[in-house]
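The values are calculated or read from the model by the stated rules, or taken from the named source; none is laboratory data. Predicted model, so just to flag it, every value in this text is computed and none were measured. Cβ atoms come from the backbone with ideal geometry, glycine included; neighbour counts cover every protein chain shown. Side chains included, ligands, DNA and RNA excluded: accessible areas come from the protein's heavy atoms. Shrake-Rupley method; radii C 1.70, N 1.55, O 1.52, S 1.80 Å.
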Amino acid sequence: MNHQALSSTVQLILTEGKGILAADESFGTIGKRFAKLEIESTPETRRSYRELLFETEGIEHYLSGVILFDETIRQNSKNDIPFPRLLMDKGIVPGIKVDKGTKPLSLFPGELITEGLDGLSQRLNEYRNLGAKFAKWRAVIKINQDLPTQYCIESNAYVLARYASLCQEAEIVPVIEPEVLMDGDHDISVCEKVTSLVLKSVFSQLYNHRVYIEGILLKPNMVLPGKQSSQKTSAQEVAEATVRTLKRVVPAALPGILFLSGGQSPQQATENLNAINGIGDTPWVLSFSFSRALQEPVMNKWKGMDQNRSSAGQVFVHRSRCNSAAVMGKYIKSMESQQI
Ligand code: 13P
């Protein structure tokens with residue numbers, strides 16, 4: 001394993017004040033998001049939308065990485081530049097989603113396991129030749145009265161660690177995403193407890209698999225009350241619970257933590273990230289790897305229409321700039337009205 005190659009990719013991704021755009025929605029997910037806006041989902045509409053994102057001027061000041069989907073890493077801009085090259089030319093590191101989505105975990109009703117290990121090392125080699133320097137794998141943990149089971153947590157942790165070891169062997173930095181879902185009416189203390197159990201299991205499996213911790217990135221959920229919960233929490237409470245949880249179970253050797261947004265509103269995700277960074281005194285860089293919280297307002301502005309491309313690009317730069325400020329703990333609400 002080449003530690004140096006992994007560490008230099010990690011350092012590029014963790015450039016101060018920058019984060020990741022997750023633009024790796026599967027056919028099903030982007031199809032649903034387009035359908036809400038009555039945009040047809042075809043290879044060309046998907047290509048054109050992603051081109052809008054990647055070509056937006058100025059995003060390179062706020063984004064250090066972009067996660068692509070299998071279709072997208074093979075697509076070109078209208079000027080015939082492959083997307084990975086277009087991103088690299090802007091100083092943005094291209095990454096790739098390599099999991100094949102979730103399936104029901106057999107004999108554990110309601111729980112999910114992520115698939116995609118079969119043939120993964122060959123796919124990683126192919127993606128590396130296409131320009132990918134990091135990868136992403138998402139595991140999903142559900143909370144309700146009876147869930148999650150310890151078996152589901154451990155199975156997903158094992159698979160995440162197996163994926164991470166294959167990535168490192170291929171000199172690709174694994175982004176490890178164990179997502180405790182926001183769905184449910186549980187309060188924040190339940191999310192804290194489940195997130196702790198999940199991260200504890202993930203790091204134990206990473207250790208068993210001999211994964212080089214300095215050469216990975218973690219993409220966890222923030223610690224939040226369930227979406228249907230009546231509990232109201234401030235950004236400060238979310239930040240304290242999130243940092244407390246991470247400090248208890250995540251090794252200091254890990255270089256960076258890039259949060260997912262998980263269905264929070266774009267502004268809420270930014271406020272929480274800012275409060276997390278406001279706490280200070282943590283051994284890791286704490287940044288973002290958002291999909292919905294970066295893209296929702298952009299897609300809503302674009303609506304699939306050419307005449308909206310430039311205003312949608314402005315919305316994208318604005319959201320990216322707000323999140324970049326939050327990484328430095330310098331976001332203030334009045335930035336929301338300063339869109340240029
Ligand atoms: P959200 O920010 O929308 O949660 O997506 C992050 C992601 O990459 C999911 O795998």
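A few remarks follow.
- Among Leu273, Leu197, Trp284 - extreme Cα towards positive end, dipole of the stretch 192-291, charges at beta-carbon: Leu197
- The local environment of Leu12, defined by Cβ-Cβ distances under 10 Å, has a net charge of +2 under the rule Lys, Arg +1 and Asp, Glu -1.
- Among Gly256, Gly65, Gly101, residue whose mean-square fluctuation peaks in a GNM of the chain (springs only between Cα atoms under 10 Å): Gly101
- Relative intensity of the stretch 184-338 on a log10 scale, I(q)/I(0) at q = 0.08, 0.11, 0.14, 0.21 Å⁻¹, equals -0.26, -0.48, -0.74, -1.32, per a Debye sum over C-alpha point scatterers of equal strength in the absence of solvent.
- Long hydrophobic helices in the chain, taken as whole DSSP H segments with a C-alpha length of 18 Å or more on their own axis and mean Kyte-Doolittle hydropathy at least -0.5: 150-169, 188-208, 235-249, 309-327.
- Net +/- balance of residues flanking Pro104 in space, Cβ distance below 12 Å, scoring K and R +1, D and E -1: 0
- Residue among Phe259, Ile213, Ser310 farthest towards the positive dipole end of the stretch 188-321, charges placed on Cβ: Ser310
- In Å², nearest 10: area of Lys18 left accessible to a 1.4 Å probe: 40 Å²
- Cross-link partners of Lys193 among lysines (Cα-Cα below 26 Å; sequence separation of 8 or more within a chain): Lys103, Lys136, Lys142, Lys219, Lys227, Lys232, Lys247
- Cα-Cα over 18 Å, subset of Lys36/Lys301; Lys78/Lys133; Lys18/Lys330; Lys100/Lys301: Lys78/Lys133; Lys100/Lys301
- Using C-alpha pairs below 8 Å separated by at least 6 residues, the relative contact order for the chain is 18 percent.
- Across all Cα pairs in the chain, the calculated P(r) in 10 Å bins from zero up to the longest distance comes to 6, 27, 37, 25, 6, 0 percent per bin.
- Taking every DSSP beta bridge that has both ends in the chain, the antiparallel portion is near 10%.
- Residue of Gln236, Gln75, Gln228 that the Gaussian network model of the chain assigns the largest fluctuation, springs spanning Cα pairs under 10 Å: Gln228
- Rounded accessible area of Lys142 (nearest 10 Å², 1.4 Å probe): 80 Å²
- Residues considered: Gly215, Gly110, Gly262. Largest GNM mean-square fluctuation over the chain, using C-alpha springs under 10 Å, is found at Gly110.
- The dipole here belongs to the stretch 252-340: it is taken about the Cα centre, uses +1 on the Cβ of Lys and Arg and -1 on the Cβ of Asp and Glu, and is about 240 debye.
- Net charge of neighbours whose Cβ lies under 12 Å from the Cβ of Val249, counting Lys and Arg as +1 and Asp and Glu as -1: +4
- Phi to ³J(HN,Hα) by Karplus 6.51 cos²θ - 1.76 cosθ + 1.60 over the stretch 253-261, Hz, x for Gly, Pro: 6, 5, x, x, 10, 10, 6, 8, 9
- With DNA, RNA and ligands ignored, accessible area of Arg85 (1.4 Å probe; Å², nearest 10): 110 Å²
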